[in-house]
Each structure stands twice: as structure tokens, then as C-alpha cells.
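Report on one structure; see the data block that follows.
The values are calculated or read from the model by the stated rules, or taken from the named source; none is laboratory data. Here the structure is a predicted model, which is why all the values come from computation and not from measurement. Cβ: placed from backbone, ideal geometry, glycine included. Neighbour counts: every protein chain shown. Each accessible area value is taken on the protein alone, full model and side chains, heavy atoms only, with ligands, DNA and RNA left out. Shrake-Rupley method; radii C 1.70, N 1.55, O 1.52, S 1.80 Å.
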Amino acid sequence: MSTQKRLRFLLFTGAAIGVLAHTATAQDAAQADGPDPREIPVPSIKTPLGKLPGVEALPVRKEMPDVLVTEGGTKVATRQQWQQRRQEMRRLLAYYAVGQMPPPPGNVKGKVVQSETVLDGTVHYSLVRLTFGPAQKLELNIGIFTPAKGGPFPAIILQGGTPPGATALPRLPQGPNQGRGENVLLLVGPAPAKEPAATPPASNVPGGVASAPRGRPNVPLTAQSIAEQRAGIFRRGYALVLFNPNDCAEDTTLRNADGSWAFRNTRFYPAYPGYDWGILAGWAWGASRVADYLETDRSIDKTKLIITGASRNGKSAMVAAAFDDRLMGAPVVTGGGGVGAYRFAGPRRSETLDVMQKKYPNWFSPNLHEFWGRREKLPFDQHWFLALAAPRPFLALEGMTDTISLPEAVRQSVLGARPAYALFGMEDRIGVHYANHGHAFTAEDWTATMDFFDKHLRGKKIDRRFDQFPTEADLDAQSDRARAWDALRARLSEERYLRHSAAVEAIMRQMAAAGMDNADQWGLAGLLHDIDIAETAKDLSRHGVVGAQVLRDLGFPTAVVHAVNAHDDRAGVARTSRLDHAVYCADQVYWLVSAAGLSFPSDKLNAALPAAIWEQVQTLPSKKAVLGQVSQECLKIGLSMPQAIAAVQSASKKVTGNTNVRE
């Protein structure tokens with residue numbers, strides 16, 4: 001991006017008021033040590049909290065503010081003292097972090113407007129319309145999926161898209177420079193006519209159940225399709241409750257003529273004008289209204305309510321668990337303003353408080369903005385949200401390649417919150433899980449979530465740990481993977497090629513595990529093996545040769561370069577290492593399984609027996625000529641064909657349900 005300032009002027013009329021605003025599109029004027037002086041301020045809102053000290057009046061606190069030391073300096077030593085400290089912490093977080101929310105309305109009612117049985121009669125679905133608030137005028141549609149037999153069930157509340165059967169509400173446009181990495185407070189009003197605001201997606205949950213099928217973004221999902229996608233939840237005895245957070249607060253940086261946020265004009269906000277709650281708090285408050293209703297639903301175990309969501313919805317899940325004692329938090333890939341401590345964020349391109357206040361100040365309390373560039377003056381940090389959940393189980397789910405979230409910042413938050421859990425003798429009730437993905441909500445995250453809560457809510461024996469963080473070496477390896485994806489995206493635009501690359505990477509990792517080989521190196525070779533396919537598709541004698549030169553120029557490991565060079569016989573390059581043979585084996589077995597009518601990933605593939613798949617593959621006339629060579633290549637890394645097929649299945653099971661597998 002150019003660093004030369006280019007001023008753009010936007011003139012618009014609102015409420016008979018002409019407003020002229022300007023911004024530098026390169027954003028080079030954004031201050032590293034504080035807000036840009038050209039920002040158009042957001043009008044303040046008087047709240048019941050009144051006025052607390054501003055950044056100038058607060059002391060420098062380089063260390064994480066202790067959750068067990070009151071603002072007056074008293075050490076918290078008893079559970080009774082902790083209850084008092086919690087109220088103090090909530091007050092400070094409401095004022096400085098997320099904005100003050102209205103009190104519970106106390107009048108939530110629910111009406112079932114649609115009901116059906118799906119998934120071959122094994123799951124019951126109900127669309128429920130909630131009403132509440134002043135004069136019962138506020139509404140929220142929720143979708144409730146429960147196993148057809150048994151109960152009451154623990155419930156996972158997911159912030160996703162519009163529940164099946166409900167009408168999607170109209171949406172405000174995005175702000176004029178939303179999503180561009182620019183300072184959104186430099187502009188007011190709509191986007192210029194030549195740059196129309198994009199219609200927000202139905203869901204901002206990466207890989208969430210409310211995501212439409214690829215290539216069909218406007219097709220609403222049905223209760224049946226969601227039940228199929230999340231069948232594992234019901235098999236494990238959980239209910240799934242879905243609501244659209246944008247039905248609570250619209251996710252837009254659009255501003256009114258006076259500089260106020262346009263999201264305050266719609267949804268829940270006009271009913272509570274005397275509160276300065278940001279969007280995350282609005283979503284969290286909505287989750288609490290869902291909990292209000294679920295407490296009355298006999299099919300739901302009201303003592304086991306889990307709130308989850310990814311990215312911005314993960315942040316609001318964290319907020320909800322901190323402010324509502326009925327909810328157990330399971331936020332996913334929360335990034336800046338989420339689980340990771342502000343005081344430690346920044347390295348490895350992770351999101352900081354400054355980044356959040358530049359791009360998304362509308363998510364937070366208006367009082368957080370003045371801490372831009374002055375995070376050491378924060379009277380809190382993100383570990384307070386986690387501590388407020390104690391002693392309820394809390395699980396942070398993160399991605400190894402999610403660069404916006406720094407593992408050390410997450411670790412410091414977990415460590416900082418742990419004393420609150422120790423007060424109850426329940427340190428293991430705060431956990432973390434890192435999966436091999438980026439900014440996404442995957443099948444592995446769902447499994448880890450249910451494992452964690454099976455252990456802590458249902459007393460089941462679970463043989464896995466929730467206290468492991470990636471090492472610096474792990475992060476360096478994942479940095480290579482992120483660099484590989486950048487290289488792939490620069491050369492491959494077709495989705496089918498990208499998904500095949502991701503599939504072979506997953507298969508290679510499984511094969512590496514079987515032979516105690518380097519999973520990171522093997523995965524990298526699998527991911528990059530077809531990097532030149534768009535260029536060489538019409539001359540496959542160059543396939544692999546061109547790719548090897550590209551990877552050599554980019555500085556990828558020599559072993560990976562040679563494996564890519566040798567993976568296709570038409571290039572005439574001899575395979576000499578286990579890695580070379582493995583790439584050939586993984587790639588070819590993938591295609592053999594696909595030729596047998598088993599798509600990757602799929603439940604059908606996951607359920608079949610490897611030996612049965614191999615028998616089916618041997619009957620394919622078009623593949624008989626290559627079966628012998630593929631078998632020999634797989635045997636060179638110690639895998640029979642059924643074993644190689646089993647590796648494909650294991651990889652499929654890890655990514656089934658992950659619609660963002662490329663990350």
C-alpha cells in the first residue's frame with residue numbers, strides 16, 4: 001500500500017445537516033501512540049455507571065492487574081470476598097472494555113412457531129420466537145435442535161446465522177471504509193455511490209453451521225442440512241441452539257450525521273438509550289436472553305449451558321460467560337479483543353488493542369478508545385473475563401496458524417485467570433485447545449469442546465489434556481504453512497485445486513504420524529505439491545518441475561522442493577526419499593478413493609471399512625493400470641493399500657465439517 005497521503009472527500013446530507021469528512025486512504029496518519037487527531041468523535045452517552053477516571057488519571061500498570069487484589073489493594077482470600085471482587089471487576093469491564101449493558105428484562109417469553117423432526121427421526125427442531133423488553137416489543141428468533149429421545153440435554157448455544165424457518169432481518173450497510181484496515185472514525189455516513197457497501201454475510205462464523213454452501217451464498221440452510229452437518233453433537237447427547245447475533249446488534253461501522261453509531265438505531269438499542277454498550281455486549285446480552293428461555297425448556301439441562309462462536313462471535317461468547325453466571329464459555333479464534341491479553345499482543349502480526357480501536361471501536365466501550373497506544377494504563381486486561389467465569393468450566397479454542405491471536409497472549413490470560421479457579425480448587429476447569437488450522441471453527445474444535453465439557457460437566461473420563469500451548473518452534477513451522485498458503489493463493493484461483501491441496505496436506509500428516517516422520521515437513525509437501533497446476537495443466541510434462549522452481553525461489557526446504565518435483569511421473573524425476581514416495585502415495589490414493597465415489601471429506605468415506613474401499617478400487621477398470629505402482633510406492637513408506645486408505649479416512653475425519661479447510 002502506498003504511503004503517500006491521498007485525501008478523499010465525502011459529502012452527504014443527513015437530517016438536514018451537511019457533513020464533510022475526510023480520510024487518508026493509505027492511513028499513514030494513524031498514530032502509533034494514540035488516536036488520530038482527525039477522528040470525528042462519537043458522542044458520549046450518560047449511563048448509570050457515571051464517570052470513572054480517564055487514561056490520564058490512571059497509573060501505569062505494566063504487569064497484569066491481579067484478579068485477586070481489589071482496587072483498594074485488599075488481597076482476596078475467601079470465596080465471599082471473591083463475589084465482591086467480581087462485582088468490582090464487572091463494573092470496570094463494563095465501563096472501560098465493553099460498555100454498560102441494560103439489566104435483564106425479566107420478562108422473556110417464547111412461542112414455538114415451527115417444529116419438525118429431522119435426521120431420520122433422531123433430532124427434533126423447533127423455531128422459537130422470543131419476546132421481551134419494554135412493552136414486550138423486542139424479538140429474537142432462536143432455533144433449538146435436541147436429540148429425539150432422552151433429556152434433558154446440555155446445550156451448546158451458537159452465534160451463527162438466521163435459524164431455519166425464520167425470516168432474515170434487513171441489514172444496515174457497512175461503514176464507508178469498514179473491513180479495509182482503515183480508521184473508521186475518520187468518516188461518517190454511507191459509502192460513496194461508486195463504492196457501494198457490500199451486503200454483510202448471513203454469518204460471520206468461519207465454518208459455522210450457518211454458513212451457506214460454497215458457491216450458493218444466498219441459499220438458506222434447512223433444519224435437516226444443519227442436523228446433518230452437526231450430527232456428531234446430537235450423537236454425543238448435546239442440544240444445539242442457534243441464534244443470529246446480528247438480530248441483537250448490527251455489525252456495522254456505519255455512523256450517523258452527528259458521529260454516533262448507526263447500529264444504535266436498530267435492534268435492541270433504541271429500547272435502552274441510556275446505555276453505552278458496544279456490539280459485543282449486545283450479542284452477549286442476546287445470549288443471556290436465550291439462556292432466560294432455555295431455563296424454561298424441559299428438554300434442556302439449564303445447569304449446562306455452553307456459549308460459543310468464532311472470531312468476533314468468540315469475543316462476545318467470552319463476554320457473555322463473564323457477565324452471566326449461567327453460561328460456560330467456549331470461544332473460538334477470538335483474536336484481538338478476545339482471550340489474549342492486550343499487554344502481550346503484537347508479536348507475530350497478532351492483533352492489538354490499537355488495531356481493534358482503529359478498525360472496530362464499535363464493538364467495545366467508547367471509553368476504551370483513549371487507551372490506544374497506552375495499554376499499560378489499562379486497569380484490567382482480558383484475563384479478567386476468563387476469571388469471572390470461575391469456577392464454571394471455560395475453554396479457549398485457538399488455531400495454530402491463526403496469526404491474529406498470539407499464543408503467548410492467550411497463555412498469559414489463562415495464567416492470570418487461574419488464581420480465581422484455584423480459589424475453588426478447580427484450576428483444571430480453565431483450559432485451552434490448539435488445533436491445526438487458522439481463523440476457522442472446525443470439526444476438531446467441536447470435538448474438543450464436547451470432550452472438555454463431558455469431563456467437567458458430565459463427569460466422563462476423557463483422555464486428553466487442555467493445558468498445551470504451541471512452542472516457538474511450532475509457530476515457526478506454522479509460519480511456513482502460512483507462507484505456503486500465500487504462495488498457493490497467488491497461483492491457484494480455482495477452489496477445487498485449493499481444496500485438493502488441503503486434502504493431500506491432511507493425508508500426508510496422517511501418513512507421517514503412522515511412520516514417526518516429520519508431520520510439518522510432510523504436510524508442507526502435500527500442501528504445495530500442485531502449486532503449478534494452473535500453469536502446467538495443458539503440458540503435464542512440466543508439472544512439478546515448474547512448481548519446484550517456484551518453491552526453490554521462495555526458499556522452501558530442499559526436501560519439499562524435490563518431493564514436489566518428483567510427485568508426477570510425467571516430469572521424469574526419480575523419487576529417492578520417503579517424502580518423495582509419500583507425496584506420490586497420498587496424491588494417488590486420494591484420487592483412487594475419489595474414483596470409488598467417496599468424496600473427501602465426507603461421512604460416507606469416514607464410515608467405510610478400508611479393506612472394503614480397497615476391494616472397490618480394484619474393480620475400477622480405469623485405475624487397474626496404476627494400482628500396482630501406487631501399491632509399491634505406498635509400501636516404500638511402510639503402508640499397505642488398506643493402511644494408506646485408512647490414512648485418507650483419518651484425515652477426512654479431522655476436516656469433516658470444516659468449511660474453511662484452506663486456513
Relative contact order %, the chain, counting alpha carbon pairs below 8 Å whose residues are six or more apart: 12 percent
Hull-based mean projected area of segment 290-409, where the convex hull spans the alpha carbons, in square nanometres: 7.9 nm²
Accessible area of segment 80-170 divided out per residue, in Å², using a probe of 1.4 angstrom: 43 Å²
Carbon + sulfur, % of accessible area of the chain - ligands and nucleic acids excluded, 1.4 Å: 52 percent
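Given a Förster radius of 60 Å and the C-beta distance between Arg298 and Thr558 as r, what FRET efficiency does 1/(1 + (r/R0)^6) yield to the nearest 0.05? Let's see the in-between values first.
Numbers: r = 63 Å, r/R0 = 1.06.
The pair Arg298/Thr558 has a calculated efficiency of 0.40.
At a Förster radius of 45 Å, what calculated FRET efficiency corresponds to the Cβ-Cβ distance of Ala422 and Val112, to the nearest 0.05? Intermediate values should be presented prior to the final figure.
On the way: r = 43 Å, r/R0 = 0.97.
Calculated value: 0.55.
Per residue, how many Å² of accessible area does segment 509-565 show with a 1.4 Å probe? Walk me through the numbers on the way to the answer.
On the way: 2350 Å² over 57 residues.
Ligands and nucleic acids excluded, the result is 41 Å² per residue.
Over 18 Å, how big is the tail of the calculated P(r) for segment 410-455, in percent of all Cα pairs? Kindly include the intermediate steps, with their values, before the conclusion.
Details: 438 of 1035 pairs.
Across segment 410-455, Cα pairs with separations above 18 Å total 42 percent.
Going highest first, how would you order 73-82, 520-529, 448-457 by mean Cβ packing within 10 Å? Could the numbers behind the result be given before it?
Numbers: 73-82: 12.2, 520-529: 26.6, 448-457: 21.2.
Descending packing order for the listed peptides: 520-529, 448-457, 73-82.
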Computed accessible area, Val69, all protein chains, 1.4 angstrom probe, square angstrom: 40 Å²
Accessible heavy-atom area order of Lys653, Lys623, highest first, probe of 1.4 Å: Lys653, Lys623
Test item: Cα-centred dipole of the chain, Lys/Arg +1 and Asp/Glu -1 on Cβ, debye: 1220 debye
Separation of the Lys623 and Thr471 label points, Cα + 7 Å toward Cβ, nm: 3.9 nm
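Quickly rank 117-123, 140-146, 305-311, 226-232 as a protection proxy: mean count of other C-beta atoms within 10 Å, highest first.
Working: 117-123: 15.9, 140-146: 25.0, 305-311: 28.3, 226-232: 19.4.
Listed from highest to lowest mean packing, they are 305-311, 140-146, 226-232, 117-123.
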Most positive-pole-ward Cα, Trp283, Gly547, Pro105, against dipole of the chain from beta carbon charges: Pro105
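Note down the relative contact order for segment 129-180 as a percent, whole number, built from C-alpha pairs under 8 angstrom at least six residues apart.
Dividing the mean separation by the residue count of segment 129-180 yields 24 percent.
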Sum of -39500 (n - 2.57) over DSSP H runs of 4+, divided by residues of the chain (222 nm, nearest 500): -10500 deg cm²/dmol
Nonlocal amide H pairs with Ile157, under 5 Å, H built at 1.01 Å: Val241, Ile306, Ile307, Thr308
Along principal axes, Cα extents of segment 548-663, largest first, whole Å: 41, 35, 24
Accessible-area value, Asp553, 1.4 Å probe, nucleic acids and ligands omitted, Å²: 110 Å²
Cβ-based charge dipole, the chain, positive-most Cα from Ala168, Ala612, Val432: Ala168
Straight-distance crosslink candidates among lysines, where the alpha carbon sits under 16 Å from Lys460 and sequence neighbours closer than 8 are dropped: Lys304
Sequence-distant residues sharing a close amide H with Asp532 (under 5 Å, placed H): Gly544, Gly547
Disulfide-incompatible cysteines by the Cβ rule (no partner under 4.7 Å) in the chain: Cys248
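Working from the pairwise distances between different alpha carbons, so that the mean of 1/r is found and then inverted, what is the chain's Kirkwood radius in Å? Display every interim value, and only then the final one.
Numbers: mean 1/r = 0.0376 Å⁻¹.
The answer is 26.6 Å.
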Segment 104-145 - convex hull of the alpha-carbon atoms, volume per residue in Å³: 60 Å³
Longest to shortest principal axis, alpha-carbon extents of segment 57-182, angstrom: 59, 47, 33
Principal-axis tilt of helix 624-635 within the chain, Cα atoms, nearest 10 degrees: 70 degrees
Gyration tensor over alpha-carbon atoms, segment 468-557, equivalent ellipsoid semi-axes in Å: 24, 14, 12
Kirkwood Rh and Cα Rg combined as Rg/Rh, segment 409-517: 1.05
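With the contact rule set at Cα under 8 Å and sequence spacing of 6 or more, what percent relative contact order holds for segment 28-103?
Working: 23 pairs, mean separation 17.6, N = 76.
Relative CO of segment 28-103 lands at 23 percent.
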Helix 472-491 axis, angle to the chain major axis (alpha carbon atoms, nearest 10°): 80 degrees
Computed accessible area, Met400, all protein chains, 1.4 angstrom probe, square angstrom: 40 Å²
Furthest towards positive pole of dipole, Thr78, Ala563, Ala409, structure part the chain, Cβ charges: Thr78
Cα long-axis angle, helix 578-595 against the chain (0 to 90 degrees, to the nearest 10): 80 degrees
Extension gain from Asp603 to Glu63, taking 0.36 nm per residue of separation minus the Cα-Cα distance: 189.5 nm
Rounded accessible area per residue of segment 254-371, 1.4 Å, Å²: 25 Å²
